[in-house]
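The values are calculated or read from the model by the stated rules, or taken from the named source; none is laboratory data. Source: prediction; values computed, not measured. Glycine gets a Cβ as well: all are built from the backbone with ideal geometry, and neighbour counts include every protein chain shown.
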Amino acid sequence: MKDNIPSPKGKLGVLVVGMNGAVATTFIAGLLAIKKGYGKPFGSLTQMGTIRLGKRSEMKFPKIKEFVPLAGVEDIVIGGWDIFDQNIYDGALESKVLDPKDLDPIQDELKELHPMPAVFDNYYVKRLNGTYVKEGATKMELAEQLRADIREFKSKSGVDRLVMIWCGSTEIFMGHSETHDSIDQFERGLHENDINITPSMIYTYAALMEGLPYANGAPNLTVDIPALVDLSKAKVLPIAGKDFKTGQTLIKTVLAPMLKARMLGLQGWFSTNILGNRDGEVLDDPYSFKTKEESKLSVLEHILQPELYPELYKDFYHKVRINYYPPRGYSKEGWDNIDIFGWLGYQMQIKIDFLCRDSILAAPIVLDLVLFLDLAKRAGMKGIQEWLSFYFKSPMHAPEVYPEHDLFIQLTKLKNTLRHMMGEKLITHLGIEYYEE
Ligand SMILES: NC(=O)c1ccc[n+]([C@@H]2O[C@H](COP(=O)([O-])OP(=O)(O)OC[C@H]3O[C@@H](n4cnc5c(N)ncnc54)[C@H](O)[C@@H]3O)[C@@H](O)[C@H]2O)c1
């Protein structure tokens, strides 16, 4: 594959849906600060990470960004949409993630950035009322308007390539429907204003029709329906989702594999969160919370495999709560109480209190995803990119396999995919060769 990956010439346009939100503004402001040398891209594997090549004794650890032909941070140009008409500086101030003094040196650039009017319907996000919203008689017309936005952005900004990423609010829970089954049914649904087609699906359709790779940072279905997966394959475009893996679930996908690795049993895992930002307010609505809950709950079942280890994991109780608590504002707190048992059934407890900053954890994920998706597109990869599971709470996967949630298996998969792309030997960690005569 190595010789076939064109190098990343020119600029890379990143179109962010939900451009004025906490994650998006933290990503955008961070990107500008990093470009100007005011900050470091901590948390970003593409910027900080290395990759081992060859045998351990060879000591070859190039930086990932030097090993694979990734676009440079300095070549990224930002655009996007939001349902509120404000520039990104005001959006960043309102999100209250970054300190205003850190926004000062980049405020002129942030003020110049302005979203395009959104495709939005309050039916799908009950707690928000968009005021900067497109109008159209059908969902297909709205998709056409988004497609025109993409083309206009491309010609005005002069970018060479584009990627779209959903950092918009979590939509209400949506089950499977026939409209989602094939491209034809989906397109008919767009013409007929089918209720099963959400705004996030309209963005995805527009992105894929315009030739853009697409990532979904929220737990809503969005691109995770057969019609849009098929469309991504037909257009030879990589897609990835769902739901950025940041705070509590990040910890869960590290700790649960440890329990299973050491054959320690689990009686119960109670996770609760308080947060007071807009995301918390949206998730306070039971219909949006249901989408998030599904995404957060599935992780333990898949990692612990109770069907293989009934004595250890058959009846564990798993509860996840998200509580909207305005006084806490943006500073989230996530508690976990984990009841485990070991030798002879003796009980133990683990307590975690993670005072995390969600968007500080999410922003580098946005950067990595857009750079890797741009790379994947140049490499001719299409459809679901399971090697990007590393970044998601609820990773998309082929129908015949279960999702891989263990963070370190995900990391191995990601790095082996990069080695595979570049024609390098995969690393199995067997290591027996060091001990053979
Ligand atoms: N660490 C994290 O913060 C994290 C982790 C996992 C997933 N997520 C998900 O990422 C998303 C963004 O999180 P956030 O904290 O930035 O939330 P936020 O509420 O601050 O931002 C969401 C933004 O999306 C905009 N929006 C909503 N619907 C839109 C539409 N149809 N078109 C365009 N814009 C739209 C809103 O106006 C808002 O500016 C949420 O779905 C959240 O659940 C966040």
Picked from segment 98-112 (must be among the hydrophobic types (A, V, I, L, M, F, W, C) and more than 13 Å from the ligand (Cβ to nearest atom)), the residue surrounded by the fewest Cβ atoms within 10 Å (Cβ to Cβ) is LEU103
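Residue-by-condition table, conditions (1) part of a strand (DSSP E or B); (2) within 12 Å of the ligand (Cβ to nearest atom); (3) on the phi > 0 side of the Ramachandran plot; (4) among the hydroxyl-bearing types (Ser, Thr, Tyr):
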| position | (1), (2), (3), (4) |
| --- | --- |
| LYS252 | no, no, no, no |
| PRO257 | no, no, no, no |
| GLN267 | yes, no, no, no |
| THR272 | yes, no, no, yes |
Considering residues that are in contact (Cβ under 8 Å) with a residue 40 or more places away in the chain and in a helix (DSSP H, G or I), the number found within segment 330-380 is 22
Flagged in segment 212-247 as of a type outside the set (Ser, Thr, Tyr) and touching a Cys at 6+ places or on another chain (Cβ under 8 Å), in numbering order, are GLY217, ALA218, GLY247
If you scan segment 133-169, which residues turn out to be surrounded by fewer than 19 Cβ atoms within 10 Å (Cβ to Cβ), within 25 Å of the chain's Cα centre (by Cα) and in a loop (DSSP other than H, G, I, E, B)?
ASP160
When segment 356-391 is examined, which residues are found to be touching a strand residue (DSSP E or B) at 6+ places or on another chain (Cβ under 7 Å) and either within 16 Å of the ligand (Cβ to nearest atom) or of a type in the set (Phe, Trp, Tyr) (or both)?
CYS356, ALA362, ILE365, VAL366, LEU369, VAL370, LEU388, TYR391
Being surrounded by fewer than 21 Cβ atoms within 10 Å (Cβ to Cβ) and closer than 16 Å to ASN416 by Cα is the filter here; which residues of segment 382-402 pass it?
GLU386
In this structure, does GLY280 turn out to be crowded, with 18+ Cβ neighbours inside 10 Å and touching a Pro at 6+ places or on another chain (Cβ under 7 Å)?
no
Single residue of ALA92, ALA71 found to be buried (at least 21 other Cβ atoms within 10 Å of the Cβ), more than 16 Å from the ligand (Cβ to nearest atom) and assigned by TED's automatic domain parsing to the domain that holds THR204
ALA71
Can you spot a residue in segment 22-32 that is over 23 Å from LEU388 (Cα atoms), surrounded by 15 or more Cβ atoms within 10 Å (Cβ to Cβ), in contact (Cβ under 8 Å) with a residue 60 or more places away in the chain and assigned by TED's automatic domain parsing to the domain that holds SER200?
yes
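Inside segment 41-59, can you point out the residues that are under 30 Å from the mean Cα position of the chain (by Cα) and either exposed (fewer than 14 other Cβ atoms within 10 Å of the Cβ) or of a type outside the set (Ser, Thr, Tyr) (or both)?
Of the residues in segment 41-59, the ones under 30 Å from the mean Cα position of the chain (by Cα) are 41-53.
Listed by number, the residues that qualify are PRO41, PHE42, GLY43, LEU45, GLN47, MET48, GLY49, ILE51, ARG52, LEU53.
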Would you point out the residue of segment 403-437, among those that are charged (D, E, K, R) and in a helix (DSSP H, G or I), that is surrounded by the fewest Cβ atoms within 10 Å (Cβ to Cβ)?
GLU433
Output yes when any residue across segment 83-106 is aromatic (Phe, Trp, Tyr) and under 21 Å from the mean Cα position of the chain (by Cα), and no when none is.
no
Quick check on my filter: what residues within segment 75-88 are within 14 Å of the ligand (Cβ to nearest atom) and out of contact with any Asp or Glu (no Cβ under 8 Å at 6 or more places or on another chain)?
GLY79, GLY80, ASP82, ILE83, PHE84, ASP85, ILE88
Please work out which residue is nearest to SER95 (Cα to Cα), limiting yourself to segment 166-223 and to residues that are within 10 Å of the ligand (Cβ to nearest atom) and among the hydrophobic types (A, V, I, L, M, F, W, C).
CYS167
The condition from (1) touching a helix residue (DSSP H, G or I) at 6+ places or on another chain (Cβ under 6 Å); (2) without any contact (Cβ under 8 Å) to a residue 24 or more places away in the chain; (3) under 25 Å from GLU301 (Cβ atoms) that PRO399 misses is numbered (1)
